Every structure is written in structure tokens, then in C-alpha cells.
1. Those residues that are of a type outside the set (A, V, I, L, M, F, W, C) and open to solvent by 30 Å² or more (accessible area, probe 1.4 Å), I need them from region 131-150; list them, please.
2. Going through Arg78, Arg120 one at a time, which residue ends up being touching a Phe, Trp or Tyr at 6+ places or on another chain (Cβ under 8 Å) and either closer than 22 Å to Asn141 by Cα or at pLDDT 95 or above (or both)?
3. Could you tell me whether region 113-125 includes any residue that is under 23 Å from Phe15 (Cβ atoms), within 14 Å of the chain's Cα centre (by Cα), surrounded by 15 or more Cβ atoms within 10 Å (Cβ to Cβ) and not polar (S, T, N, Q)?
4. Applying the selection to region 4-24, what residues are in contact with a strand residue (DSSP E or B) (Cβ under 9 Å, 6 or more places away or on another chain), within 16 Å of Glu99 (Cβ to Cβ) and not in a helix (DSSP H, G or I)?
5. Within region 11-25, take every residue that is over 19 Å from the mean Cα position of the chain (by Cα) and not polar (S, T, N, Q) and give me the one that is nearest to Leu86 (Cα to Cα).
6. Which ones in region 88-107 are farther than 20 Å from Ala21 by Cβ and modelled with pLDDT under 95?
7. Filter region 44-91 down to the residues that are β-branched (Val, Ile, Thr) and surrounded by 19 or more Cβ atoms within 10 Å (Cβ to Cβ), then identify the one that is farthest from Thr156 (Cα to Cα).
Amino acid sequence: MTNLRELTLQDELIFDDWIQAWKNEPTQVSVSRPIQTNFAEFIKQLQTNSRHPEAPRVPATKYFYIEANRIKGGISCRWKLNDYLLKFGGNIGYDVAPEFRNQGIASEMLQQALALFKARNITKVLITAEDWNIASQQVINNAGGIYENTLMEESTGHHLQRYWIGMIRIRGNTQAATTINGIVYICKLVILCF
């Protein structure tokens, strides 16, 4: 059973708690930034962005890891890449609330997100992590991510490490694979089905 789902109008109070958990954090990704409108409009905007966003946005769905009526993590799945995302943002961005870190939630969210990409026949995804974020790099590596390079985002000065994960089927098992210099690297992936 998955704990990862899109928000509904009934989630306003737990979303408010989620946002409060981030008020002292120096870095926030899109799933943890305060909203600029009322909650009903925010939900409507999430639904629009998931299906038919205005340019230059790409279709992206935000999912939240909800357990015991608390949002513990969030993940954004960008179903296409534009030039900016190809360099700096990638297909997936995630974070876990400070009090729930080091509990495997990021790894579980990433595995579930990879299953969603696979269900859409997207077999190669890009994930980035800032060069100082060792925990995120470990999550990506454990999911079969293969490091490509590090780029500096000039507007922020942040150095982002870029990783690719490719999913293929071999004898009924889901695998993560990538090709570097003509060599295929394959890592077993445990993907939860829902």
C-alpha cells in the first residue's frame, strides 16, 4: 500500500502543518514552498500544472507522502523536460520534512515515483542534487542513479549533480540501467506497485 498521493481539499490542515515544518529550513524545493493563494486555488493550480500547464512550465504532478494524517515528504514528477530542467531541475525533485529524515521516506518516494514514470512509458529520468546534499545523492545512487556531471546554476551559484536512472525489463524484473561510454550498467530496483 502506498502513502504517496496527490493532495485533496480535505488536506488543508495537514498541508499547513507541512509548510510550517519548513519555516526554519534554508533550502526549500517546490513541494515545500508556501503557497501564494488560498488552498482551493492551490489544488486547482496543481491539477492544471499536472495536465495542461502554461508555457514555459512542463506537465508536473506533486505527490505527498502522508502517514498518520501527517505529510512527511513531497515529490514532484515532471513528465517532460525543458532546457532549464534538463540542466538543473531534472524530472524529479523531492524533500522530507526535517523531523522525518533518515527514515527511508525519500527512498520510498523515489521508488514509487519511478514506478509512475514507468507506467507512463518514460524509461529514463534525470534527478539532480546539490553537491553538498550527500543524503540525496545516496538516495539517488541507491535507486540506480548514474552520475553524469555537475553544473553550476548561474542565477543561484548552486552546483547541481546530475544523475540518470533508466528503467528496463529483463525477464520480468524491473531494473534500473544507464549507458556510459557504450557500457550498460544495470542495478536491481525494488518498485512498489500500486
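1. Within region 131-150, the first condition is being of a type outside the set (A, V, I, L, M, F, W, C), and the residues that meet it are 131, 133, 136-138, 141-142, 144-145, 147-150.
Passing the criteria: Asp131, Asn133, Gln138, Asn141, Asn142, Tyr147, Glu148, Asn149, Thr150.
2. Numbers: Arg78 fails: touching a Phe, Trp or Tyr at 6+ places or on another chain (Cβ under 8 Å).
Criteria check complete, one pass: Arg120.
3. From region 113-125, those under 23 Å from Phe15 (Cβ atoms) are 113, 116; that's our starting set.
Next cut, within 14 Å of the chain's Cα centre (by Cα) only: 113, 116.
From what is left, the residues that are surrounded by 15 or more Cβ atoms within 10 Å (Cβ to Cβ) are 113, 116.
Narrowing the set further to residues that are not polar (S, T, N, Q) leaves 113, 116.
Checked region 113-125: at least one residue is under 23 Å from Phe15 (Cβ atoms), within 14 Å of the chain's Cα centre (by Cα), surrounded by 15 or more Cβ atoms within 10 Å (Cβ to Cβ) and not polar (S, T, N, Q).
4. Within region 4-24, Ala21, Trp22 qualify.
5. Initial filter on region 11-25 (over 19 Å from the mean Cα position of the chain (by Cα)): 11-14, 16-17, 20, 23-24.
Next, only the ones that are not polar (S, T, N, Q) stay: 11-14, 16-17, 23.
On the way: Asp11: 32, Glu12: 32, Leu13: 34, Ile14: 32, Asp16: 31, Asp17: 32, Lys23: 29 Å.
Only one residue fits best here, namely Lys23.
6. Pass one, region 88-107, residues farther than 20 Å from Ala21 by Cβ: 88-92.
Correct list: Phe88, Gly89.
7. Initial filter on region 44-91 (β-branched (Val, Ile, Thr)): 48, 58, 61, 66, 71, 75.
Filter again for surrounded by 19 or more Cβ atoms within 10 Å (Cβ to Cβ), leaving 66, 71, 75.
Numbers: Ile66: 31, Ile71: 28, Ile75: 22 Å.
Across region 44-91, the extreme among qualifying residues is Ile66.
The values are calculated or read from the model by the stated rules, or taken from the named source; none is laboratory data. Note that the coordinates shown come from a computational prediction; the quantities given were computed from them, not determined experimentally. Positions of Cβ are backbone-derived with ideal geometry, glycine not excepted, and every protein chain shown enters the neighbour counts. Just so you know, the surface numbers come from the protein's heavy atoms only, side chains and all, with ligands and any DNA or RNA stripped out. Shrake-Rupley method; radii C 1.70, N 1.55, O 1.52, S 1.80 Å.
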